[in-house]
Structure formats: C-alpha cells, structure tokens
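The values are calculated or read from the model by the stated rules, or taken from the named source; none is laboratory data. Everything quoted here is computed from the prediction, not taken from an experiment. All Cβ positions, glycine included, derive from the backbone under ideal geometry; neighbour counts span all protein chains shown. Heavy atoms of the whole protein, side chains included, go into the accessibility calculation; ligands, DNA and RNA do not. Shrake-Rupley method; radii C 1.70, N 1.55, O 1.52, S 1.80 Å.
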Amino acid sequence: MKVLITGALGQIGSELTLAMRHRYGTANVVCSDIKEECPPGEIAEGVYERLDVMDPQAIAAAVQRHGVTHMVHLAALLSAVGEARPTLAWEINMGGLFNALEVAREAKAAFFTPSSIAAFGPGTPVQLTPQDTIQRPTTMYGVTKVAGELLCDYYFLKYGVDTRGVRFPGLISYETLPGGGTTDYAVHIYYEALRQGKYTSYIDAGTYMDMMYMPDAIAAIINLMEADPHKLTHRNAFNVTAMSFEPEMLAAEIRKHIPAFTIDYQIDPVRQGIANSWPDSLDDSAARAEWGWNPQYDLASMTSDMLAKLKGKL
Ligand code: AKB
C-alpha cells in the first residue's frame with residue numbers, strides 16, 4: 001500500500017498523514033500540499049511533495065514516482081470561503097477532484113475523498129437525515145460536494161475506480177485549525193475559552209449541527225478505506241456523525257471545566273444562513289451496518305480531551 005494525500009497540511013491531512021504513517025509505515029505515505037515547504041515537525045519526517053491539484057500532470061508524475069496505490073484527495077475550499085469565492089471554489093473543488101480521479105483511473109489507484117453535511121440543503125429532512133434523500137444544497141461548497149459524490153460514483157461505475165467517501169460533519173481538533181468553514185466556531189470556542197474565558201459566537205444559540213472529534217474522523221477514513229468492498233452497498237458518500245449540538249450546549253460543557261466561561265453572540269448572516277440550510281442530525285446507520293462505523297467520542301469526552309490537549313499546546 002502506497003498512499004498519496006493531497007491537501008495534507010490542512011486540518012484533516014495533518015493528522016491523517018501521521019496516523020497513516022504509523023499504520024502503514026512512514027515511507028508508504030506521501031504528504032502533498034500546495035505549500036512550497038513542509039513546515040518543520042513530525043510531518044516533515046516523511047516524504048513531502050509540493051502539489052497543485054489544478055495541475056494533472058504533476059499529480060500523475062507524483063503517483064508514478066512513488067508507485068501510489070491509494071489516493072486520499074483532501075484539497076478543497078470549505079463552505080464560508082466557498083461563498084466568498086464561488087468561482088474559485090468550483091474550480092478547485094471540481095477541477096481538482098476531476099484531475100485526481102483521472103490520475104486514479106490511469107494508475108488503477110483506490111480513491112477516497114470526503115463529502116460533507118453541506119451536500120444537503122433546505123429541502124432535506126432536518127432530523128436524522130437519511131443516507132439516501134433529497135440533496136439540493138444552496139451553497140457553492142455544497143453544490144461541489146453533491147457533484148463530487150456523483151462524479152466519484154461515475155468513476156466507480158464506468159471505470160471501476162474503487163472510490164469511497166464519507167459526509168463529514170464539523171470536525172473538531174487541536175493540531176491544525178480549520179480554514180474557512182461554517183462549523184469552525186466549535187473549534188475556536190475551545191481556544192478562546194482557555195485564552196480569554198469567553199467567546200463571541202457567529203453562529204446563533206439553538207443552531208444544531210452534526211460534529212465529530214478528529215480521532216473518530218481519522219478512524220472513519222482508515223476503516224472505510226480498509227473495508228471489504230463486497231459489504232459496501234453505498235460508496236459516495238456515507239453519512240457519519242458522532243454528536244449534534246448547538247452553541248449553548250457546547251458552552252455548558254466547557255463550563256464544567258472552566259466555570260467562569262461565558263458566551264455571547266454576534267451573528268454572521270452568511271455562516272448562519274449556511275448553517276440553517278444544513279441538517280440538525282444525520283442518520284449514520286448505513287455506515288454502521290456496511291463497514292462498522294462506531295465513533296468513540298461524545299460531547300463530554302471530546303471537551304475533556306480538547307481542553308487538556310489545548311492547555312498543553314497554548
Ligand atoms: C464547513 O463548515 O464548511 C466544513 C464542513 C461541514 O464540511 N467543516
């Protein structure tokens with residue numbers, strides 16, 4: 001197994017690279033990103049390729065050079081940045097995905113790329129959103145995620161590329177900050193709780209979204225990639241979730257560790273509008289049945305761990 005991860009210096013990739021190197025061997029996981037240099041640290045101990053996913057020849061050359069058998073395509077713009085720069089979001093999210101899929105087809109490489117809760121829209125059932133349901137998102141990010149799911153299915157059905165994906169909720173982690181998503185508040189709140197003892201949320205009280213702690217997200221990617229293909233009825237992409245909460249619930253959980261913590265609100269209409277268009281909670285029973293999805297962290301255990309880890313870091 002030789003894995004190439006694109007966008008590997010981002011929030012997911014920086015942790016996935018290390019987890020995969022631990023599991024498959026440092027020499028077997030190529031970290032790639034658009035950044036010129038890999039920042040110093042543990043991730044720099046393995047192979048680094050500077051790779052622009054808009055350059056198909058460069059992706060193909062890297063895949064050939066390293067004898068890649070599995071690709072994890074993470075390079076993408078998130079929802080809030082996507083609304084600010086929709087043309088760029090379309091170009092990178094769809095153009096980059098198409099380029100990467102073409103390389104996977106030529107190289108006969110297995111392929112994982114994440115979708116998102118953003119693949120749903122206002123017409124989707126809000127509670128326990130089913131695996132197979134209406135997908136009419138109203139954000140450019142969401143449009144690229146639905147189109148991406150369809151494109152991955154197409155490459156599987158037409159060319160036999162082993163494409164797999166999950167619809168990630170908001171991901172919470174302490175290693176690398178998320179960049180430009182709607183759910184980012186649920187990461188920033190922990191930093192500000194420790195730094196300032198208070199947080200001003202751009203997402204309103206009462207706005208529920210699905211969330212997940214990064215160790216579960218990493219396990220989801222690895223477990224789905226390793227799953228027996230004969231057991232997969234679905235492929236692109238599985239609903240996965242670990243918890244659903246709104247800002248007041250998160251603040252109350254933080255208060256169990258930092259009793260003086262306070263939250264107030266200054267709503268960002270763009271990100272609030274995006275959040276309002278997404279489900280409150282997903283039904284992830286297909287992932288549980290087909291490849292054994294079973295998240296380990298809930299809001300309480302995630303909050304204890306986040307605060308402990310971040311305290312050390314800050
Ligand atoms: C975002 O908020 O854009 C992402 C996502 C849910 O895909 N975290």
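Exactly one condition in (1) free of Cβ contacts under 8 Å to residues at least 60 places away in the same chain; (2) of a type in the set (Val, Ile, Thr); (3) open to solvent by 10 Å² or more (accessible area, probe 1.4 Å) is not met by Ile258; state its number.
Evaluating Ile258 over (1) free of Cβ contacts under 8 Å to residues at least 60 places away in the same chain; (2) of a type in the set (Val, Ile, Thr); (3) open to solvent by 10 Å² or more (accessible area, probe 1.4 Å) leaves (1) as the failure.
If you take just the strands (runs of 3 or more DSSP E) that sit entirely in segment 196-248, which of them hold at least 1 residues that are among the polar types (S, T, N, Q) and over 13 Å from the mean Cα position of the chain (by Cα)? It would help to see each step written out before you state the result.
Details: elements: 198-201, 209-213, 243-245.
Result: 198-201, 243-245.
If I filter segment 170-183 down to residues being open to solvent by 10 Å² or more (accessible area, probe 1.4 Å) and within 15 Å of the ligand (Cβ to nearest atom), which single residue comes out as nearest to the chain's Cα centre (by Cα)?
Applying the first criterion (open to solvent by 10 Å² or more (accessible area, probe 1.4 Å)) to segment 170-183 yields 171, 174-180, 183.
Filter once more, so that each one left must be within 15 Å of the ligand (Cβ to nearest atom): 171, 176-180, 183.
Details: Leu171: 6, Thr176: 12, Leu177: 12, Pro178: 9, Gly179: 11, Gly180: 12, Thr183: 11 Å.
So, considering only residues that are open to solvent by 10 Å² or more (accessible area, probe 1.4 Å) and within 15 Å of the ligand (Cβ to nearest atom), the one nearest to the chain's Cα centre (by Cα) is Leu171.
Within the set of pairs 6+ apart or on separate chains, which have a first residue in segment 297-314 that is under 20 Å from Met243 (Cα atoms), a second that is acidic (Asp, Glu) and in a helix (DSSP H, G or I), and C-beta atoms under 7 Å apart?
Short answer, once both residue conditions are applied: Tyr297/Asp216; Leu299/Glu253; Ala300/Glu253; Thr303/Glu253.
Return a yes/no flag: does segment 90-104 have any residue that is under 13 Å from Asn236 (Cβ atoms), within 16 Å of the ligand (Cβ to nearest atom) and not small (Gly, Ala, Ser).
Checked against the condition, which is being under 13 Å from Asn236 (Cβ atoms), within 16 Å of the ligand (Cβ to nearest atom) and not small (Gly, Ala, Ser), segment 90-104 yields at least one hit.
Scan segment 174-191 and give yes if some residue there is in a strand (DSSP E or B) and not β-branched (Val, Ile, Thr), otherwise no.
The answer is no; no qualifying residue exists.
So how many residues does segment 102-132 have that are part of a helix (DSSP H, G or I) and in contact with a helix residue (DSSP H, G or I) (Cβ under 7 Å, 6 or more places away or on another chain)?
Kept after step one, since they are part of a helix (DSSP H, G or I), are these residues of segment 102-132: 102-107, 117-119.
Narrowing further to those that are in contact with a helix residue (DSSP H, G or I) (Cβ under 7 Å, 6 or more places away or on another chain): 102-103, 105-107, 118-119.
Number satisfying all stated conditions: 7.
Name the one entry in Ala186, Ala147 that is within 16 Å of the ligand (Cβ to nearest atom), farther than 20 Å from Lys309 by Cβ and surrounded by 16 or more Cβ atoms within 10 Å (Cβ to Cβ). Before you say what the answer is, go through the steps one by one.
Numbers: Ala186 fails: farther than 20 Å from Lys309 by Cβ.
Checking each option against the conditions leaves just Ala147.
Would you be able to say whether some residue in segment 154-166 is over 20 Å from Met302 (Cα atoms), open to solvent by 30 Å² or more (accessible area, probe 1.4 Å) and of a type in the set (A, V, I, L, M)?
Keep residues of segment 154-166 that are over 20 Å from Met302 (Cα atoms), which gives 154-166.
Next, only the ones that are open to solvent by 30 Å² or more (accessible area, probe 1.4 Å) stay: 154, 156-160, 162.
With of a type in the set (A, V, I, L, M) added as a condition, the list becomes 157.
Yes, because at least one residue in segment 154-166 is over 20 Å from Met302 (Cα atoms), open to solvent by 30 Å² or more (accessible area, probe 1.4 Å) and of a type in the set (A, V, I, L, M).
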